[in-house]
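For reference, the structure discussed in these notes is given below.
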Amino acid sequence: MMEFTLWDVVRNLLLAARWTIALSLTAFVLGGVVGLVVLFGRVSKSKRLRVAAMGYIELFQGTPLLMQLFLAFFGLSLLGLPTSPWFAAALALTLWTSAFLAEIWRGCVEAVPRGQWEASASLAMGYLQQMRYVILPQALRVTIAPTIGFSVQVIKGTALASIIGFTELSKASTIITNATFKPFTVYAVTALLYFALCWPLSAWSHRLERKLGAAHRH
Amino acid sequence: MPLIAIEGLHKRFGSNEVLKGIDLGIEAGEVVAIIGKSGSGKSTLLRCMNGLEAYQAGKITVEGTPVTQDETDLRHLRLRVGMIFQQFNLFPHLTAGRNVMLAPMIVKGTAEAEARTIAAKVLERVGLGQKFDAFPDQLSGGQQQRVAIARALAMEPRALLCDEITSALDPELVNEVLQVVKGLAQDGMTLAMVTHEMRFARDVCDRVIFMHLGKVHEIGPPSEVFSNPRTPELQQFLGQLH
C-alpha cells in the first residue's frame with residue numbers, strides 16, 4: 001500500500017483550493033454585476049420591476065443553495081443544454097450571490113436620506129443621474145463592509161458545489177480521504193484552509209465597518 | 001399672466017385632505033411669504049409647485065406650462081424652479097464647489113471649467129467664495145444653507161422655493177441666510193418662501209399668505225396682514241408669536 005505524507009495531503013488540497021477561489025471569485029464578481037441589475041429593479045420607481053426584483057430575491061433567499069445547485073445542474077441537462085459541474089456551480093452561485101448582494105445593497109441605498117433624492121430631483125437630475133452621482137456614492141461607503149463580509153458566505157457556499165461533482169476543496173478532501181484513510185487529518189487541513197481564506201476577509205470587513213462607520217463622511 | 005399660477009389645487013395624503021382648493025398667482029419678481037401653523041399645508045403647497053408632491057385636482061402652471069408628474073416635464077420645470085430645504089440637503093460626499101458644479105455639468109452639459117467659474121461666482125454671491133473646497137460637514141449650518149442657495153442659483157432658475165430654510169439653524173446663524181435671501185429679492189428673483197421669520201416677511205416680502213386648514217385664509221401686503229389682520233385665526237396666529 002502506498003503511503004501518503006502530510007505534505008502530499010496539504011499539497012493536493014492546496015491545488016484544489018485554487019478551484020474554490022476561482023469559483024468564489026466568479027460567483028462574487030458576476031453575482032455583483034447581476035446583483036446591481038437586481039438592485040436597480042428593487043429600488044426602481046416602477047412597481048412591476050420592484051415586484052419582479054423582490055420575487056427574484058425571495059426565491060433565492062428562500063430556497064437552499066443545495067437545491068439551486070441541483071436544479072442548475074440537472075435542469076440545464078434536462079433542457080438539453082450542454083453543462084458541466086463547473087458551469088452549473090458558477091451559475092447557481094452567481095444567482096444566489098446576486099440575490100443576497102442586491103438585498104444588502106438595497107438596505108444601503110434606502111439608508112441614504114430622502115432629502116438627497118429631493119434635492120437632486122429639484123436640481124432637474126433624472127433618476128439615473130441621481131443614482132450615479134448622488135445616491136450610490138453615498139450608499140457605497142456603507143455597502144463595503146457588509147459586502148466583504150458576505151464574500152465569506154460565498155466561499156463557504158462553494159463547498160456545496162462538491163455535491164454536483166465539482167472538484168474544489170471539499171470534493172478534493174473527500175477524494176483524498178478515500179485514498180489515504182485519514183479523514184481527521186484531511187478534513188482538519190481542509191477546515192484550516194477554509195479558515196485561512198475566510199478569516200482575513202471577515203477581519204477586514206470588521207475593520208472597515210469600524211473605520212467607515214466613524215463620523216466623517218469623505 | 002403670473003409666473004406661477006395655481007387654480008383650485010387639491011391635495012390629499014390618503015384620506016387626509018391637506019390642500020382644499022388653493023388659488024394663487026405669483027408674479028415674476030415677486031417675493032411671497034407663506035405663513036401659518038404647522039399642518040396648515042404651507043410646505044405641501046410649496047412642494048406641489050415643483051412637483052415633489054403630486055396633486056389630485058386643480059392646476060399649477062409655471063410660465064404657462066402645467067406642472068405634471070411626467071418625468072420629462074418635471075425635469076423641464078425644475079430647470080426653472082429651484083428649491084431650498086430646511087435640512088440643506090447638501091451632497092455630503094462632495095465639496096461645496098462640487099455641490100454647486102454637479103447639476104450644471106450633468107443636467108445642462110456645462111463644461112467643467114465653465115461650471116467651476118459659475119460655482120465660484122455664486123459661492124461669492126452668498127459670501128462663501130473661500131469655502132469652495134470645504135466639505136459640508138466642515139461648514140456651519142448657516143454656511144451649508146448658503147451653499148444650498150448657491151447650488152440652486154447655479155441653475156439660473158426663474159423662481160426659488162424656500163421651505164423653512166432657517167428653521168433648522170441656530171438663532172445666531174439665521175441672519176446670514178436671510179441676508180442672502182434679501183439680496184436675491186433685491187436683485188429681482190421670484191421667491192416663494194414658507195417661513196416663521198415674521199420680521200423678515202414684513203421687511204422683505206411683497207405679499208404675505210396666511211394659510212389655515214389647507215386654504216389661503218388671508219392674503220395681502222405685509223403692512224396689511226401684520227398690522228390689520230381681519231380674521232380671528234390670523235389674529236390668534238400672530239398673537240401666539242409674541
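Please identify the pairs in which a residue from region B:68-95 that is at the interface with chain A (Cβ under 7 Å from one of its Cβ atoms) has its Cβ atom under 7 Å from the Cβ atom of a residue that is among the hydroxyl-bearing types (Ser, Thr, Tyr) and open to solvent by less than 20 Å² (accessible area, probe 1.4 Å), counting only partners at least 6 apart or on another chain.
Short answer, once both residue conditions are applied: B:ARG78/A:SER122; B:GLY82/A:SER122; B:MET83/A:SER122.
For region B:108-121, name all the residues that are open to solvent by 10 Å² or more (accessible area, probe 1.4 Å) and away from chain A (no Cβ under 12 Å).
B:THR110, B:ALA111, B:GLU112, B:ALA113, B:GLU114, B:ARG116, B:THR117, B:ILE118, B:ALA120, B:LYS121
What number of residues in region B:65-92 are assigned to a loop (DSSP other than H, G, I, E, B) and open to solvent by 40 Å² or more (accessible area, probe 1.4 Å)?
Matching residues across region B:65-92 total 5.
Taking the stated definitions as given, is B:LYS131 away from chain A (no Cβ under 14 Å), crowded, with 17+ Cβ neighbours inside 10 Å and touching a residue at least 60 places away in the same chain (Cβ under 8 Å)?
Taking the combined requirement at face value, the residue does not satisfy it.
Please go through region B:135-171 and pick out each residue that is closer than 23 Å to B:HIS93 by Cβ, open to solvent by 10 Å² or more (accessible area, probe 1.4 Å) and polar (S, T, N, Q).
Once the filter is applied, which keeps residues that are closer than 23 Å to B:HIS93 by Cβ, open to solvent by 10 Å² or more (accessible area, probe 1.4 Å) and polar (S, T, N, Q), region B:135-171 yields B:GLN138, B:SER140, B:GLN143, B:GLN144.
Which residue is nearest to A:VAL43 (Cα to Cα), if the candidates are limited to region A:88-131 and must be touching a Lys or Arg at 6+ places or on another chain (Cβ under 9 Å) and open to solvent by 30 Å² or more (accessible area, probe 1.4 Å)?
A:ARG106
Among (1) facing another protein chain (nearest Cβ under 8 Å); (2) in a helix (DSSP H, G or I), which single condition is A:ALA124 missing?
The one condition A:ALA124 does not meet is (2).
At the interface with chain B (Cβ under 8 Å from one of its Cβ atoms), part of a helix (DSSP H, G or I) and open to solvent by 20 Å² or more (accessible area, probe 1.4 Å), is that true of A:GLN153?
The answer is no for A:GLN153.
The values are calculated or read from the model by the stated rules, or taken from the named source; none is laboratory data. All values reported here derive from a predicted model rather than from experimental measurement. Counting neighbours? That spans all protein chains shown, and the Cβs are built from the backbone with ideal geometry, glycine included. The accessibility values were calculated without ligands, DNA or RNA, using every heavy atom of the protein model including side chains. Shrake-Rupley method; radii C 1.70, N 1.55, O 1.52, S 1.80 Å.
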